[in-house]
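What follows is a short report on a single structure.
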Amino acid sequence: MEAPETEQTPFASVTAQTSKLQMHYQALLDKSTPFVLYRWVGTGACLLFFFVRIFVAQGWYIVAYALGIYLLNLFLAFLQPKFDPSNEAMDNEMEDGSVGTLPTKHDEEFKPFIRRLPEFKFWYWATRAIVISFFCSWFEIFNVPVFWPVLVMYWFMLFILTMRKQIQHMVKYRYVPFTLGKKNYNKNSS
């Protein structure tokens with residue numbers, strides 16, 4: 001008697017094709033990693049196309065507002081450290097009564113700034129959100145009638161208040177989320 005042949009279901013072939021496409025997509029993302037400027041220029045172009053679409057169509061303001069809130073949330077996560085110094089300061093105060101700050105002497109431990117949201121993930125999620133918002137702007141179901149100047153003013157107020165709070169946090173715990181190049185030290189400085 002012959003052994004029964006195993007039949008390959010259509011679901012298995014779809015899964016194989018999907019995983020193959022995911023591998024190619026991931027390979028493209030991996031290749032784009034070192035090209036920071038080009039990635040952000042592309043994202044800016046996508047955002048410009050989205051704004052032109054909203055301006056020309058004279059609608060979908062709620063989609064633009066939701067995108068603005070989401071991008072603000074991503075930006076704040078990009079600015080924040082992975083480990084919140086205010087939590088560490090409370091832990092330090094409980095242990096030895098001192099407030100945790102950056103090192104000021106050569107014998108103190110240096111902790112580099114590690115972002116809560118790395119640059120690549122910030123770019124990826126921002127670009128993905130812009131593309132999704134662009135596609136949503138073609139469907140009438142997302143065209144909710146709103147008075148757009150109120151949304152714009154509310155977004156600016158939200159931006160100012162959250163950035164003020166973030167800047168106060170950065171000043172209080174003395175960290176800067178941006179570096180403008182490698183710092184050079186003199187040989188004789190200690």
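The values are calculated or read from the model by the stated rules, or taken from the named source; none is laboratory data. This one's a predicted model, so the numbers in the text were calculated from it and none came from an experiment. Because the Cβ atoms are built from the backbone with ideal geometry, glycine has one as well, and the counts that use them run over all protein chains shown. Surface areas here come from the heavy atoms of the whole protein model, side chains and all, with no ligands, DNA or RNA. Shrake-Rupley method; radii C 1.70, N 1.55, O 1.52, S 1.80 Å.
In this structure, is ASP84 under 22 Å from the mean Cα position of the chain (by Cα), over 26 Å from THR33 (Cβ atoms) and at pLDDT below 90? Don't jump to the end; show me each part of the working.
Values: under 22 Å from the mean Cα position of the chain (by Cα): yes; over 26 Å from THR33 (Cβ atoms): yes; at pLDDT below 90: yes.
Judged against the criteria, ASP84 is a match.
Would you check which residues across region 111-144 are part of a helix (DSSP H, G or I), of a type in the set (Phe, Trp, Tyr) and closer than 28 Å to PHE35 by Cβ and list them? Let's see the steps before the verdict.
We begin by selecting, within region 111-144, every residue part of a helix (DSSP H, G or I); these are 119-136, 140-142.
Filter again for of a type in the set (Phe, Trp, Tyr), leaving 120, 122-125, 134-135, 142.
Matches in region 111-144: PHE120, PHE122, TRP123, TYR124, TRP125, PHE134, PHE135.
Being at pLDDT below 95, surrounded by 15 or more Cβ atoms within 10 Å (Cβ to Cβ) and part of a helix (DSSP H, G or I), is that true of even one residue in region 24-31? Can you show your working first?
Initially, region 24-31 is screened for residues at pLDDT below 95, giving 24-31.
Narrowing the set further to residues that are surrounded by 15 or more Cβ atoms within 10 Å (Cβ to Cβ) leaves none.
Looking for residues that are at pLDDT below 95, surrounded by 15 or more Cβ atoms within 10 Å (Cβ to Cβ) and part of a helix (DSSP H, G or I), one finds none in region 24-31, hence no.
Return the pair list, or none, for Cβ contacts closer than 8 Å from residues in region 40-51 that are under 17 Å from PHE135 (Cβ atoms) to residues that are surrounded by 14 or more Cβ atoms within 10 Å (Cβ to Cβ) and of a type outside the set (A, V, I, L, M, F, W, C), at least 6 apart or on different chains.
Close Cβ pairs (under 8 Å, with a partner that is surrounded by 14 or more Cβ atoms within 10 Å (Cβ to Cβ) and of a type outside the set (A, V, I, L, M, F, W, C)) amount to GLY42/THR127; THR43/THR127; CYS46/THR127; PHE50/SER133; PHE50/SER137.
Any chance you could count how many residues in region 131-144 are surrounded by 13 or more Cβ atoms within 10 Å (Cβ to Cβ) and either in contact with a Gly (Cβ under 7 Å, 6 or more places away or on another chain) or more than 17 Å from LEU72 (Cα to Cα) (or both)?
5
If I go through region 47-61 residue by residue, how many of them are assigned to a helix (DSSP H, G or I) and surrounded by fewer than 18 Cβ atoms within 10 Å (Cβ to Cβ)?
8
Answer yes if at least one residue in region 145-163 is open to solvent by less than 70 Å² (accessible area, probe 1.4 Å) and not in a helix (DSSP H, G or I), and no otherwise.
The answer is yes; a qualifying residue exists.
With (1) modelled with pLDDT of 95 or more; (2) open to solvent by 40 Å² or more (accessible area, probe 1.4 Å) as the list, and LEU67 as the residue in question, which single condition is left unmet?
It is condition (2) that LEU67 fails.
Of the conditions (1) part of a helix (DSSP H, G or I); (2) open to solvent by 90 Å² or more (accessible area, probe 1.4 Å); (3) modelled with pLDDT of 60 or more, GLU95 satisfies every one except a single condition; which number is it?
Exception for GLU95: condition (3).
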